[in-house]
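Working notes, beginning with the structure itself.
The values are calculated or read from the model by the stated rules, or taken from the named source; none is laboratory data. Predicted model, so just to flag it, every value in this text is computed and none were measured. Heads up, the Cβs are rebuilt from the backbone with ideal geometry, glycines too, and the neighbour counts pull from every protein chain shown.
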Amino acid sequence: MIVQRVSDILERINRAALNSHRSPSEITLVAVSKQKPVSDIVTAYEIGIRHFGENRVEELEEKADQLRYLKDIQWHFIGRLQSRQSEGVAKHASCFHALDRMKIADRLSSHLVHLHKTLPVFIQVNVSGEESKAGFECSEWENNAQQTQNLAAAVIEIAKLPALEIRGLMTMAPWEAQESTLRLIFQRMYKLSQWLKDTMPHINCSELSMGMSHDFEVAIEEGSTCVRVGSSIFGTRNS
Ligand SMILES: *Cc1c(COP(=O)(O)O)cnc(C)c1O
């Protein structure tokens, strides 16, 4: 099952990239393995998947420990992080996708300095305005200078931290939106990332972590460089 699903997803990623005249090699597939057993991760690893996503620190620590013999496996932490748990992410993650406040950035950076490590990060933004979603508020960024100023200030502060490397922006689109709405949200993410690039050309912040099982093709067509796909690879979860 997993083997067939992975190859389907890779095929769909290729097609979405080519549809939008992009190279499939620009896009990283993060296989979201949260709530799934390590045996499923090993199955995906054996057919070439190297990037796995987790959203709970205890689970990340446990799985990273059990699978540490897979030297080149890369763990992406994609969930909301409590600052007291940031050490686990600093230790095990190769990338953090949900940086949503400065306190977390500061904590992560100081743990990383101790570990002599650096960590690529995506800054989470909320462009849809859904109240349940975390991230820097950017729901009206085109018309609201306060929102862009807050985001730009955070980018500048994060860029100053010694151990974090900003990759770009991350978002989660609304679960039940229609394709046209999703497309609009992803387009606004792309434009926001272009705005950052124009405003702060010295900060390399142009990647986009967006797209999940139900919307990754639209996300790729609108500029995503990293899709986080769980249930379409590993099957449905309990919650
Ligand atoms: C669970 C999760 C995903 C994967 O969702 P699927 O719909 O199973 O593909 C992606 N991103 C985040 C932040 C998640 O928490």
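Quick check on Met210: is it within 12 Å of the ligand (Cβ to nearest atom), of a type in the set (A, V, I, L, M, F, W, C) and in contact with a strand residue (DSSP E or B) (Cβ under 9 Å, 6 or more places away or on another chain)? Show your work before the answer.
On the way: within 12 Å of the ligand (Cβ to nearest atom): yes; of a type in the set (A, V, I, L, M, F, W, C): yes; in contact with a strand residue (DSSP E or B) (Cβ under 9 Å, 6 or more places away or on another chain): yes.
For Met210, the condition - within 12 Å of the ligand (Cβ to nearest atom), of a type in the set (A, V, I, L, M, F, W, C) and in contact with a strand residue (DSSP E or B) (Cβ under 9 Å, 6 or more places away or on another chain) - is met.
If you take the residues in the stretch 57-78 that are in a helix (DSSP H, G or I) and within 16 Å of the ligand (Cβ to nearest atom), which one is nearest to Asp40 (Cα to Cα)? Steps first, please.
Looking only at the stretch 57-78, we keep the residues that are in a helix (DSSP H, G or I), and these are 57-66.
Within this subset, residues satisfying the condition of being within 16 Å of the ligand (Cβ to nearest atom) are 57-60, 63.
Working: Val57: 19, Glu58: 18, Glu59: 14, Leu60: 14, Lys63: 11 Å.
Checked the stretch 57-78; the qualifying residue nearest to Asp40 (Cα to Cα) is Lys63.
For the condition within 16 Å of the ligand (Cβ to nearest atom) and either free of Cβ contacts under 8 Å to residues at least 24 places away in the same chain or farther than 30 Å from Val113 by Cβ (or both), what is the one hit in Thr171, Thr181, Thr225, Thr236? Before you say what the answer is, go through the steps one by one.
Details: Thr171 fails: either free of Cβ contacts under 8 Å to residues at least 24 places away in the same chain or farther than 30 Å from Val113 by Cβ (or both); Thr181 fails: within 16 Å of the ligand (Cβ to nearest atom); Thr225 fails: either free of Cβ contacts under 8 Å to residues at least 24 places away in the same chain or farther than 30 Å from Val113 by Cβ (or both).
Going through Thr171, Thr181, Thr225, Thr236 in turn, the sole match is Thr236.
So the check is Cβ under 8 Å with 6+ separation or different chains; which pairs have a first residue in the stretch 13-41 that's at positive phi and a second one that's within 13 Å of the ligand (Cβ to nearest atom) and part of a loop (DSSP other than H, G, I, E, B)?
Going by the 8 Å Cβ cut-off, the qualifying pairs are Gln35/Arg237; Gln35/Asn238; Gln35/Ser239.
Mind checking whether some residue in the stretch 134-143 is of a type outside the set (S, T, N, Q), within 15 Å of the ligand (Cβ to nearest atom) and more than 25 Å from Arg15 (Cα to Cα)? Spell out how you get there, then give the answer.
Applying the first criterion (of a type outside the set (S, T, N, Q)) to the stretch 134-143 yields 134-138, 140-142.
Okay, now just the ones that are also within 15 Å of the ligand (Cβ to nearest atom), so 134-135.
Remaining after also requiring more than 25 Å from Arg15 (Cα to Cα): 134-135.
Looking for residues that are of a type outside the set (S, T, N, Q), within 15 Å of the ligand (Cβ to nearest atom) and more than 25 Å from Arg15 (Cα to Cα), one finds at least one in the stretch 134-143, hence yes.
Residue by residue through the stretch 18-28, note down the ones that are in contact with a helix residue (DSSP H, G or I) (Cβ under 9 Å, 6 or more places away or on another chain) and not in a helix (DSSP H, G or I). If you could, list the steps in order and put the result at the bottom.
The first filter runs over the stretch 18-28 and keeps only residues in contact with a helix residue (DSSP H, G or I) (Cβ under 9 Å, 6 or more places away or on another chain), leaving 18-20, 22-27.
Within the stretch 18-28, Ser20, Arg22, Ser23, Ile27 qualify.
Residues are listed down the side, and each one gets a yes or a no for (1) assigned to a helix (DSSP H, G or I); (2) farther than 22 Å from His97 by Cβ:
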residue: Gln4; (1), (2): yes, yes
residue: Arg12; (1), (2): yes, no
residue: Ala16; (1), (2): yes, no
residue: Val30; (1), (2): no, no
residue: Gln35; (1), (2): no, no
residue: Ser39; (1), (2): yes, yes
residue: Val42; (1), (2): yes, yes
residue: Gly48; (1), (2): no, no
residue: Phe52; (1), (2): no, no
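Looking only at the stretch 190-198, decide whether some residue is aliphatic (A, V, I, L, M), within 14 Å of the ligand (Cβ to nearest atom), under 29 Å from Ser86 (Cα atoms) and surrounded by 17 or more Cβ atoms within 10 Å (Cβ to Cβ). Lay out the reasoning, then the answer.
Filtering the stretch 190-198 for residues aliphatic (A, V, I, L, M) gives 192, 196.
Next, only the ones that are within 14 Å of the ligand (Cβ to nearest atom) stay: none.
No, the stretch 190-198 contains no residue that is aliphatic (A, V, I, L, M), within 14 Å of the ligand (Cβ to nearest atom), under 29 Å from Ser86 (Cα atoms) and surrounded by 17 or more Cβ atoms within 10 Å (Cβ to Cβ).
Within the stretch 218-239, work out how many residues are of a type in the set (Asp, Glu) and in contact with a strand residue (DSSP E or B) (Cβ under 9 Å, 6 or more places away or on another chain).
The total comes to 1.
Could you grab me the full set of residues in the stretch 94-110 that are surrounded by fewer than 18 Cβ atoms within 10 Å (Cβ to Cβ) and either over 19 Å from the mean Cα position of the chain (by Cα) or not in a loop (DSSP other than H, G, I, E, B) (or both)?
Matches in the stretch 94-110: Met102, Lys103, Asp106, Ser110.
Can you name every residue in the stretch 156-184 that is within 16 Å of the chain's Cα centre (by Cα) and among the β-branched types (Val, Ile, Thr)?
If the condition is that a residue be within 16 Å of the chain's Cα centre (by Cα) and among the β-branched types (Val, Ile, Thr), then Ile166, Thr171 are the ones that fit.
To keep it simple, each residue is scored yes or no on (1) more than 17 Å from the chain's Cα centre (by Cα); (2) more than 22 Å from Ser224 (Cβ to Cβ).
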{"site": "Glu26", "(1), (2)": "no, no"}
{"site": "Tyr45", "(1), (2)": "yes, yes"}
{"site": "Arg50", "(1), (2)": "no, no"}
{"site": "Val57", "(1), (2)": "no, yes"}
{"site": "Glu61", "(1), (2)": "yes, yes"}
{"site": "Leu70", "(1), (2)": "yes, yes"}
{"site": "Lys91", "(1), (2)": "yes, yes"}
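Can you go through Asn126, Asn55 and tell me which one is farther than 25 Å from Asn204 by Cα, touching a Lys or Arg at 6+ places or on another chain (Cβ under 9 Å) and either modelled with pLDDT under 95 or among the polar types (S, T, N, Q) (or both)?
Testing whether each residue is farther than 25 Å from Asn204 by Cα, touching a Lys or Arg at 6+ places or on another chain (Cβ under 9 Å) and either modelled with pLDDT under 95 or among the polar types (S, T, N, Q) (or both) leaves just Asn55.
Being under 20 Å from Gly223 (Cβ atoms) and modelled with pLDDT of 95 or more is the filter here; which residues of the stretch 132-146 pass it?
Step one: list which residues in the stretch 132-146 are under 20 Å from Gly223 (Cβ atoms), which gives 133, 135-136, 138-139, 141-142.
Listed by number, the residues that qualify are Gly135, Phe136, Cys138, Ser139, Trp141, Glu142.
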